[in-house]
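The next block holds one structure in the form of structure tokens; read it before the comments.
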Amino acid sequence: MKLKKRLKTIVCGSRFGQFYIEALNLLKEDFEIVGLLAKGSERSISCAKEYGIKLYTDIKELPTDIDLACVVVKSGVIGGNGTDLTLEFLSKGINVILEQPVHYNDITKCMKVARKNNVCFHIGDLYVNLPSVNKFNLYSKAILKEQKGLYIDVSCTTQVSFPLVHILLKILSSTRPLKINDNIEKVGILKILTGKIGDIPILIKADNRLDPENPDNCLPLLHEINIGFEGGRISLIETHGFIVWSPCLYVPEVNGIPNKFKDKCPLNLIDNSSEILGGITENSFKDILTKEWPVSIGKDLIFIKDMILKDIKKEVLNKNGQQNLLCSKYWHEITKKLGYPSIKNNDDYKHISINNLQQIIIND
């Protein structure tokens with residue numbers, strides 16, 4: 001289908017759905033927001049009022065001409081009805097983007113119903129679309145073409161472990177099998193897993209704590225990813241942060257190095273001991289929540305619109321579906337090893353002012 005049109009879109013869920021609404025508002029030439037489907041809580045009433053859209057509390061109330069449903073509520077694997085909603089929309093011939101994480105059995109069911117009803121299904125994951133993550137992806141792939149990966153060292157909180165796997169699969173060959181060892185160590189708040197992805201050793205440090213009253217807030221860790229090579233280490237310092245290259249220190253066998261190398265030395269020693277790649281971007285959390293996240297979600301929205309309205313080759317669609325399945329299987333393997341999260345209290349949160357930290361050096 002070559003027809004270009006605005007897709008009539010319903011957003012389901014107001015907690016994270018508010019970011020989808022903002023993303024849709026940034027793409028008004030491509031999407032028309034029909035309304036918000038939610039339970040009618042104070043938050044959903046306030047959200048609908050904030051964006052001037054209609055609030056629906058029953059799927060039976062929805063208009064019959066909806067093109068796309070953004071299901072931004074917990075899927076079945078984490079105790080929500082997101083999977084059931086998705087299957088209902090797909091069975092009605094409505095295309096769906098379902099926010100991660102999603103169990104691979106649920107993905108299989110959704111793909112099957114989507115094919116049966118000739119509609120599109122996609123897993124939403126803003127993290128793989130973030131500018132810092134995209135840059136890290138490009139740099140890592142380029143180095144992997146030249147040198148073998150020696151190790152992968154990652155840290156995350158379990159709430160964003162699905163995107164962690166997704167990021168790694170974007171960098172590495174998706175055919176690499178994942179093997180997580182049975183020996184699991186707990187050190188403080190962290191659970192530590194070891195294993196291999198393909199032939200590359202992997203170390204995973206996970207903050208496996210959860211506040212059941214507010215599960216998606218106060219996350220001291222998002223993602224930190226390090227990939228080591230013989231020539232150095234590339235690091236994504238934080239999900240929205242800097243990419244740093246730390247070259248390997250290689251000192252030639254030469255006598256009198258402190259004196260001889262003052263004026264002239266090998267080229268590799270001229271390199272900085274660490275270098276920020278891709279430029280320095282300073283994003284406040286305000287900018288991340290109001291700009292980066294909606295724009296990154298928008299990339300998933302445009303992707304599914306292209307699936308719906310363009311003649312995308314069948315093998316491309318199949319590859320997307322298979323990658324979603326593989327990502328979910330690897331995520332399930334990791335979370336199964338981590339076990340149930342321990343309970344935490346978000347009241348423990350204490351803000352540390354960056355200005356105060358900077359004053360420590362100034363006053364030292």
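The values are calculated or read from the model by the stated rules, or taken from the named source; none is laboratory data. Given the structure is predicted, the values throughout are model-derived calculations rather than measurements. With ideal geometry, Cβ positions are generated from the backbone for all residues, glycine too; neighbour counts draw on all protein chains shown.
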inquiry  = For region 77-96, check the following and say yes or no: at least one residue is under 30 Å from Gly339 (Cβ atoms), of a type in the set (D, E, K, R) and buried (at least 19 other Cβ atoms within 10 Å of the Cβ).
reply    = no
ask   = Thr9 passes all but one of (1) within 30 Å of Pro212 (Cβ to Cβ); (2) out of contact with any Lys or Arg (no Cβ under 7 Å at 6 or more places or on another chain); (3) surrounded by 20 or more Cβ atoms within 10 Å (Cβ to Cβ); which number fails?
value = (1)
request  = Select from region 183-237 the residues that are without any contact (Cβ under 8 Å) to a residue 60 or more places away in the chain and assigned to a loop (DSSP other than H, G, I, E, B) and list them in ascending order.
outcome  = Asn183, Gly188, Ile189, Gly198, Asp199, Pro215, Ile237
query = Among (1) closer than 19 Å to Thr157 by Cβ; (2) in a helix (DSSP H, G or I), where does Lys305 come up short?
reply = (1)
ask   = Of all the strands (runs of 3 or more DSSP E) wholly in region 1-71, which have at least 1 residues that are of a type in the set (D, E, K, R) and touching a strand residue (DSSP E or B) at 6+ places or on another chain (Cβ under 8 Å)?
value = 7-12, 31-37
request  = Have a look at Ile343, Ile304, Ile334 and point out the one that is modelled with pLDDT under 90 and hydrophobic (A, V, I, L, M, F, W, C).
outcome  = Ile343
ask   = If you take the residues of region 239-259 that are assigned to a loop (DSSP other than H, G, I, E, B) and of a type in the set (S, T, N, Q), which of them is surrounded by the fewest Cβ atoms within 10 Å (Cβ to Cβ)?
value = Asn255
request  = Being of a type in the set (Phe, Trp, Tyr), in the same structural domain as Asn117 (by TED's automatic domain parsing) and crowded, with 20+ Cβ neighbours inside 10 Å narrows it down to one of Tyr56, Tyr51, so name that one.
outcome  = Tyr56
ask   = Taking region 260-283 as the search range and keeping residues that are outside any loop (DSSP other than H, G, I, E, B) and not hydrophobic (A, V, I, L, M, F, W, C), which one is nearest to Gly231 (Cα to Cα)?
value = Asn268
message = With the structure loaded, tell me whether Lys319 is assigned to a helix (DSSP H, G or I), of a type outside the set (Phe, Trp, Tyr), modelled with pLDDT of 90 or more and not assigned by TED's automatic domain parsing to the domain that holds Tyr104 or whether it fails that test.
response = no
